[in-house]
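Asker: Pasting a structure below so you can have a look.
The values are calculated or read from the model by the stated rules, or taken from the named source; none is laboratory data. Quick caveat: nothing in here was measured; it's all calculated off a predicted structure. Heads up, the Cβs are rebuilt from the backbone with ideal geometry, glycines too, and the neighbour counts pull from every protein chain shown.
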Amino acid sequence: MKSPMKPALKSNLKIGFFLSLLLSSELGLSQASPATAPAIPEVKPVDSKPVETKPTETKPADVKPKIKKSDVRFSDAYTLFRRVDYYLTEYYRGPSSVAVQPLLDDYRSKLAKTCDGHAKCEYGTAEKLVRQLIGTLNDGHTYLMSPEKGGIFGNFWQYKLGYQAEPYGTTGAMILTSVKRESGAEAAGLRRGDLILKMNGRTPKGFKLEQDQPQKVTVLLRRAGHYLERTVTSRLWRPQNNWPSLKRVQGVAVLRVPSFYDEEGDGTQIAGEIHRLIRQAQNQKISRMVVDVRDNGGGNLTNCLLAANAFIPQMGYKLRHSLADLGFVIKEGAFSMQGLRPLEGQNFFEMPPQKLEGYTRWNKPVTVLVNKNTASCGENFAYFIQHYQRGLVIGESTYGVANSATRFFDLAGNYAMGVTIGQLHNLDGSPLPHLITPDLAIKDDLEQINQTGRDTLLERGILEVKQARG
């Protein structure tokens with residue numbers, strides 16, 4: 001069995017050092033070096049005089065040695081909280097109206113009271129308080145990830161079935177929200193909207209998949225009123241399983257983009273694949289396209305911007321960060337960046353344009369599908385299509401973190417956290433909205449898909465793009 005691995009982090013040489021350091025949306029481009037984490041204070045002896053040694057006395061088993069309160073500083077809870085304290089202090093620049101420092105002081109005191117006299121105060125104690133603290137900020141782009149989420153990048157080189165699902169009802173059933181590209185689930189014919197009732201005779205909630213070897217799973221599902229049984233074989237998970245895919249439906253190219261996050265790479269791989277798939281559609285003489293970013297939770301800003309640039313020849317935005325106002329302009333696949341010091345009003349660096357290999361221009365009609373789970377960079381993509389009046393956005397109001405960027409940090413105990421590092425604006429200085437309101441509001445109804453087998457939101461997107469001029 002291969003141990004779970006995290007892909008090596010790479011500075012984004014194509015878009016410059018500052019971009020790889022500062023810029024990310026929903027999933028970060030960089031981790032903090034251990035050197036930047038707060039150091040654990042050194043404990044020095046109070047008195048250097050020789051101490052007379054005495055014979056060690058044997059204590060009864062039920063008598064516990066007295067714990068010094070200062071020892072709590074070395075507990076797991078304090079280690080976790082110190083790092084959260086540090087990263088929020090140094091990096092948080094989100095839209096919250098709550099003052100961060102008084103909030104940290106308050107929760108630091110709460111932790112001290114909770115852990116008082118317990119040198120083995122555990123991670124879970126700090127986790128509970130940290131979640132309360134972050135919840136007070138009311139900023140969806142700043143949050144804590146538990147060890148079960150696998151830190152920042154999750155666990156790779158494990159065997160997975162290759163789908164995402166959400167709970168359905170109270171029976172333990174799950175309804176599929178997406179099926180991953182080249183996965184076992186896709187090979188077995190599973191679809192979005194399928195209701196999974198049993199897996200090897202168990203409810204999906206109680207089923208545990210072997211992750212160190214392939215496993216065949218008998219899946220009982222319901223689709224359009226029929227009960228079906230499928231055998232799904234888990235496959236070794238690869239980053240490419242989360243890449244975009246293209247299919248032709250009623251003569252229209254449907255480009256499904258489940259994420260803008262590069263599991264490995266420099267923040268341009270997803271965009272490069274999108275441009276390749278657009279060329280594929282053009283080679284097939286297709287003249288209409290639907291881009292589906294439903295359930296897209298975000299990713300690298302460079303990916304979603306370069307993807308949008310396939311439909312908008314020139315565009316840009318600003319990131320207002322604590323260090324500088326960063327201006328980004330993307331023109332026909334060429335990405336340039338400029339840093340402006342907020343106080344002096346002068347440029348302090350400028351990056352010459354870097355060209356995306358394989359840039360492709362789509363000048364035919366396009367519509368974009370969104371839902372309540374479209375977040376962060378997924379929202380940014382939809383916003384630019386709408387803002388530049390390039391096509392209709394259809395579906396539900398989105399998650400609501402379109403106006404900020406996040407950087408991610410590993411924490412102690414395999415926890416991780418995202419911290420809002422800046423807010424996004426158009427080039428004219430106007431702020432991006434926090435969520436995207438669709439041009440046509442249509443519910444993304446998974447239950448209807450399951451009951452009828454019809455994706456009415458996709459059908460409407462296809463209808464609208466067929467009727468568009470161009």
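Asker: Only one residue in Leu228, Leu197, Leu176, Leu190 is within 25 Å of Val293 (Cα to Cα) and assigned to a strand (DSSP E or B), so which one is that?
Answerer: Of Leu228, Leu197, Leu176, Leu190, the one residue that is within 25 Å of Val293 (Cα to Cα) and assigned to a strand (DSSP E or B) is Leu176.
Asker: Let me ask something else. Could you tell me which residue of the stretch 455-470 is surrounded by the most Cβ atoms within 10 Å (Cβ to Cβ), considering only residues that are of a type in the set (A, V, I, L, M, F, W, C) and within 12 Å of Gln250 (Cα to Cα)?
Answerer: If we take residues in the stretch 455-470 being of a type in the set (A, V, I, L, M, F, W, C) and within 12 Å of Gln250 (Cα to Cα), then Val465 is surrounded by the most Cβ atoms within 10 Å (Cβ to Cβ).
Asker: Name the single residue, out of those in the stretch 310-323 being touching a helix residue (DSSP H, G or I) at 6+ places or on another chain (Cβ under 8 Å) and not in a strand (DSSP E or B), that is surrounded by the most Cβ atoms within 10 Å (Cβ to Cβ).
Answerer: Ala310
Asker: Which numbered condition trips up Val293, out of (1) assigned by TED's automatic domain parsing to the domain that holds Gly189; (2) crowded, with 22+ Cβ neighbours inside 10 Å?
Answerer: Failed condition: (1).
Asker: To continue, here is another question. Looking at Ile270, Ile274, Ile286, can you tell me which residue is in contact (Cβ under 8 Å) with a residue 12 or more places away in the chain, of a type in the set (Val, Ile, Thr) and surrounded by fewer than 24 Cβ atoms within 10 Å (Cβ to Cβ)?
Answerer: Result: Ile286 is the single residue among Ile270, Ile274, Ile286 that is in contact (Cβ under 8 Å) with a residue 12 or more places away in the chain, of a type in the set (Val, Ile, Thr) and surrounded by fewer than 24 Cβ atoms within 10 Å (Cβ to Cβ).
Asker: Which pairs have Cβ atoms under 6 Å, sit 6 or more apart or on different chains, and link a residue in the stretch 218-247 that is of a type in the set (Asp, Glu) to one that is in a strand (DSSP E or B)?
Answerer: Taking only residues 6 or more apart or on different chains, the pairs are Glu229/Leu220.
Asker: Given the condition in contact with a strand residue (DSSP E or B) (Cβ under 7 Å, 6 or more places away or on another chain), of a type in the set (Lys, Arg) and at pLDDT 95 or above, answer yes or no: does some residue in the stretch 260-279 qualify?
Answerer: no
Asker: Return the residues of the stretch 272-309 that are part of a helix (DSSP H, G or I), aliphatic (A, V, I, L, M) and out of contact with any Ser or Thr (no Cβ under 7 Å at 6 or more places or on another chain); say none if nothing qualifies.
Answerer: Ile274, Leu277, Ala281, Leu305, Ala307, Ala308, listed by residue number.
Asker: Report, by residue number, each residue of the stretch 407-447 that is among the β-branched types (Val, Ile, Thr) and in a strand (DSSP E or B).
Answerer: Passing the criteria: Val419, Thr420, Ile421.
Asker: Those residues that are at pLDDT 95 or above and on the phi > 0 side of the Ramachandran plot, I need them from the stretch 280-306; list them, please.
Answerer: Result: Lys285, Asp295.
Asker: Sticking with this one: Among the residues in the stretch 144-154, are any of a type in the set (Gly, Ala, Ser), at pLDDT 90 or above and not assigned by TED's automatic domain parsing to the domain that holds Gly206?
Answerer: Looking through the stretch 144-154, none of the residues is of a type in the set (Gly, Ala, Ser), at pLDDT 90 or above and not assigned by TED's automatic domain parsing to the domain that holds Gly206.
Asker: Identify the single condition in (1) among the acidic types (Asp, Glu); (2) without any contact (Cβ under 8 Å) to a residue 60 or more places away in the chain; (3) surrounded by 15 or more Cβ atoms within 10 Å (Cβ to Cβ) that Asp116 does not satisfy, given that it satisfies every other one.
Answerer: For Asp116, the failing item is (3).
Conditions tested, residue by residue: (1) within 22 Å of Asp295 (Cβ to Cβ); (2) crowded, with 19+ Cβ neighbours inside 10 Å; (3) without any contact (Cβ under 8 Å) to a residue 12 or more places away in the chain.
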| residue | (1), (2), (3) |
| --- | --- |
| Tyr415 | no, yes, no |
| Leu424 | yes, yes, no |
| Asp428 | no, no, yes |
| Leu432 | yes, yes, no |
| Asp444 | yes, yes, no |
| Glu447 | yes, no, no |
| Gly453 | yes, no, no |
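Asker: Looking only at the stretch 393-406, count every residue that is modelled with pLDDT of 95 or more, outside any loop (DSSP other than H, G, I, E, B) and among the β-branched types (Val, Ile, Thr) and tell me the total.
Answerer: Qualifying residue count, the stretch 393-406: 2.
Asker: If you go through the stretch 214-247, how many residues are under 22 Å from Val370 (Cβ atoms) and of a type in the set (D, E, K, R)?
Answerer: Count: 1.
Asker: Let me ask something additional. When residues of the stretch 181-207 are filtered for being crowded, with 19+ Cβ neighbours inside 10 Å, on the phi > 0 side of the Ramachandran plot and touching a Ser or Thr at 6+ places or on another chain (Cβ under 7 Å), how many remain?
Answerer: Selection size over the stretch 181-207: 0.
Asker: Filter the strands (runs of 3 or more DSSP E) completely within the stretch 324-392 down to those with at least 2 residues that are modelled with pLDDT under 95 and of a type outside the set (Asp, Glu).
Answerer: It comes to 325-331, 334-340, 347-355.
Asker: Kindly provide the set of residues from the stretch 205-222 that are among the basic types (Lys, Arg), out of contact with any Leu (no Cβ under 7 Å at 6 or more places or on another chain) and not in a loop (DSSP other than H, G, I, E, B), ordered by number.
Answerer: Answer for the stretch 205-222, where residues must be among the basic types (Lys, Arg), out of contact with any Leu (no Cβ under 7 Å at 6 or more places or on another chain) and not in a loop (DSSP other than H, G, I, E, B): Lys205, Lys216.
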